[in-house]
Amino acid sequence: MQRSDQYAQTHSLSFDDAGSFARALTQAEVSCFQTNAGAIQLGLSICKTSRIEVHFTSMPVGSCIAIGRTAGTTQSFHVPLQNAALISMMGRQMDGGSFAAYSHDGEHAINACAGARLAYIVPTEELIQEASFVHRGRDATRSKARCDVVASQPEKMARLSNFLEEVSHLIENAPGAIKHFEVLRQIEQSLMGLLLEAHCGGEQHNTAIGRVPVSRCRILREIDDLLRIKATEPVYVTDLCSAAGISQPTLYRIFFDVLDMNPKRYLQLRRLHLVREKLLDDANPVRTVSSVAFDCGFWQLGRFGQAYRKLFGETPSQTLKRSRRTREMLRAAG
């Protein structure tokens, strides 16, 4: 993925009628009707990139039904975010372990009551295939059904919905952060991993049948080559899998064998160290902690600060101040 190919657009809208809301949707053809007497309020936040589009819908007041067709060029997904029991899809009541998966141009029907929130996720076909290979060791298969109501494990659905809520919060409160390339990559890859995990149950932990046995030495060498080439850039699990030509389960087994650590944790530690190097870099004196964090793929700044302090015994701002003091002392001495 090249930086020049990436972009991010975010905007948030509010509506007091269901028809205006339906016309604002960009990845579905939907007729939306209010089903209750009295007021209705609908909120829509959209995050659109070159590889994925996510619509966050909320309805604090009223109730409505939406009927139509989903994205015509790729698979898509509807995920309840909170109060799932307030939403039914294709006539089935949602709960904490269910969501809807649609094929290309799939039909859908949603009935929602006041307090409902859900996300509509539309990844490109390229991203679906890439993520499927990384997490399952094979290309994605197309469902013959236009719509599947998927029963997943509640804990996996909780991880997915909580992550989506965090992304929604970011769009509402810090939309500029999502325009950073590395923040965008981290969100994209984490979201697809959680979505496939919820969709496939435990299947993503199995090795794909018929794959040729791989040399652990060769894989480690290719991973090391990639990390050296990208010494000053964040690297993610997808990058390692692509470089070595292996699936995520294989990568995890190798990391546990040689490091007793999963690759996600390893790469997070690497990014934390990369932040520290950038904060201490004399060549970039005019930096802020948030800009460095974003450049290294950290967008949940509170969690980033806690992880950084736990690892290095000081906050990122303390590191930056110390670097500036050292630079000023050297300038004065010289």
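Within region 44-59, restricting attention to residues that are more than 26 Å from Glu130 (Cα to Cα) and touching a Lys or Arg at 6+ places or on another chain (Cβ under 9 Å), the residue that is surrounded by the fewest Cβ atoms within 10 Å (Cβ to Cβ) is Ser58. State yes or no: is Phe99 touching a Pro at 6+ places or on another chain (Cβ under 7 Å), at pLDDT 90 or above, under 22 Å from Val167 (Cβ atoms) and aromatic (Phe, Trp, Tyr)? When the stated conditions are applied, Phe99 passes them. Yes or no: region 299-308 includes at least one residue that is open to solvent by 90 Å² or more (accessible area, probe 1.4 Å) and at positive phi. No, because not a single residue in region 299-308 is open to solvent by 90 Å² or more (accessible area, probe 1.4 Å) and at positive phi.
Residues in region 13-33 that are open to solvent by 40 Å² or more (accessible area, probe 1.4 Å), modelled with pLDDT under 90, over 22 Å from Met192 (Cα atoms) and not basic (Lys, Arg): Asp17, Glu29, Ser31, Phe33. Quick one: is Ala243 at pLDDT 90 or above, surrounded by 12 or more Cβ atoms within 10 Å (Cβ to Cβ) and of a type in the set (A, V, I, L, M, F, W, C)? Yes: the conditions hold for Ala243. Note on region 160-192: residues that are outside any helix (DSSP H, G or I) and open to solvent by less than 30 Å² (accessible area, probe 1.4 Å) amount to 0. Only residues that are modelled with pLDDT of 80 or more and either over 18 Å from the mean Cα position of the chain (by Cα) or of a type in the set (Phe, Trp, Tyr) (or both) were counted across region 137-176, and they come to 8. Which one is most open to solvent (accessible area, probe 1.4 Å), of the residues in region 66-84 that are assigned to a strand (DSSP E or B) and among the polar types (S, T, N, Q)? Once the filter is applied, the top-ranked residue is Gln82. Is there any pair with a first residue in region 320-334 that is surrounded by 10 or more Cβ atoms within 10 Å (Cβ to Cβ) and a second that is assigned to a helix (DSSP H, G or I) whose Cβ atoms are under 7 Å apart and which are 6 or more apart or on different chains, and what are they? Hits for this filter: Leu320/Leu279; Leu320/Val289; Ser323/Leu279. In this structure, Arg271 qualifies as open to solvent by less than 30 Å² (accessible area, probe 1.4 Å) and basic (Lys, Arg).
The residue that is most open to solvent (accessible area, probe 1.4 Å), counting only those in region 274-294 that are among the small types (Gly, Ala, Ser) and out of contact with any Pro (no Cβ under 8 Å at 6 or more places or on another chain), is Ala283.
The single residue among Val235, Val212 that is at pLDDT 90 or above, assigned to a loop (DSSP other than H, G, I, E, B) and out of contact with any His (no Cβ under 6 Å at 6 or more places or on another chain) turns out to be Val235. Counting only strands (runs of 3 or more DSSP E) that sit wholly inside region 85-133, those with at least 1 residues that are surrounded by fewer than 20 Cβ atoms within 10 Å (Cβ to Cβ) and over 18 Å from the mean Cα position of the chain (by Cα) are 87-89, 107-112.
The values are calculated or read from the model by the stated rules, or taken from the named source; none is laboratory data. Just so you know, these numbers come straight off a predicted model, no measurement behind them. In this analysis, Cβ positions are derived from the backbone assuming ideal geometry, glycine residues included, and neighbour counts consider all displayed protein chains. We work out accessible area using only protein heavy atoms, side chains counted, and drop any ligands, DNA or RNA first. Shrake-Rupley method; radii C 1.70, N 1.55, O 1.52, S 1.80 Å.
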